1. Might you report the magnitude of the Cβ-based charge dipole of the chain about its Cα centre, with Lys and Arg at +1 and Asp and Glu at -1, to the nearest 20 debye?
2. Ratio to report: Rg/Rh of region 96-181, with Cα atoms as the point set and Rh obtained by the Kirkwood method; give two decimals.
3. List the chymotrypsin sites (Phe, Trp or Tyr not before Pro) in region 19-72 that DSSP assigns to loop (not H, G, I, E or B) and whose Cβ has at most 12 other Cβ atoms within 10 Å. Which are they?
4. Viscosity 1.002 mPa s, temperature 20 °C: what is the translational diffusion coefficient of region 13-55 from Stokes-Einstein with a Kirkwood Rh over Cα pairs, rounded to a whole number of µm²/s?
5. Given [x] 40, 21, 18; [y] 23, 19, 18; [z] 42, 17, 12 as candidate values of semi-axes √(5λ) of the Cα gyration tensor in Å, which corresponds to the one derived from the coordinates?
6. Can you pull the one-decimal nm distance between simple spin-label points at Leu146 and Val180, each 7 Å off the Cα toward Cβ?
7. Beyond 16 Å, what share of the Cα-Cα pairs of region 87-132 remains, rounded to the nearest whole percent?
8. Quick check on packing: order 127-139, 178-190 by the mean number of other C-beta atoms within 10 Å, highest mean leading.
Amino acid sequence: MLTATEFYPVTPLLLAVLWVEAVIYLSIGVYEIFDDFKAKPPVWAIEANGYNAWIRMQDMIGRKMHAGICTILGFVALNGALEGAVTRFELELIFISFAVLMPVIWSMIMPGRLGFMVILLKPEFYLQIIMFVFFSDLVRKEILLLCVVLNLWGLFVHFRLVRKSFFEPFNYETLRAHIVRATGDETALRIDKLAGRKPAAVPEPNSELD
């Protein structure tokens, strides 16, 4: 484990991780900070006379909070990549950043193939594994324990809350019905591809004469 004032020279693997973090998260964070005039309100905010201001505000707050986490994570990674060395605190901050993002992903695992595909498309899933496997010996055990607890909390919420109260039965068709009611068929059709859902077969017209 590193001491509080000790520097760890960036290895090629860690440098690759830092640059991936910097490019992905800093790009997302900066974009979401300044997307005020471009981001569209969610479809479910539409009312007869325009957009529901409360839903629109809550959506913006959530997006800006996400921007804050991404910007901090990206900045720490960029600083480490440019400096060529990191401190224990910087490494621990990276661990914690992934650990506060992953519970959201674990808790909101969606039914069937869609759930696996969404997890596999999340960069923090792979980056957290790499950090644990190759760099966990550099940080305090208490930080590692906290990260494990946060990840387990996300799974606990999924099985004890989301699966039991969000929608029943817990399958893709039920989820799809909610997606259609909230955002329409167009969004559902896009998600169908990720979920591996094949479109319903259209019956061929009867060519025989009556």
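1. Dipole size: approximately 400 debye.
2. So for region 96-181, dividing Rg by the Kirkwood Rh gives 1.06.
3. Filter output for region 19-72: Phe34, Phe37.
4. Details: Rh = 13.0 Å.
Rounded to a whole number, D works out at 165 µm²/s.
5. [x]
6. 4.6
7. Values: 426 of 1035 pairs.
Roughly 41 percent, once rounded to a whole number.
8. In descending order of packing, they fall as 127-139, 178-190.
Every read-out reported here was derived from the displayed coordinates using simple, explicitly stated rules and does not represent laboratory data. Note that the structure is a prediction, hence the values are computed from the model and not measured. Note that we place each Cβ from the backbone using ideal geometry, even for glycine, and neighbour counts take in every protein chain shown.
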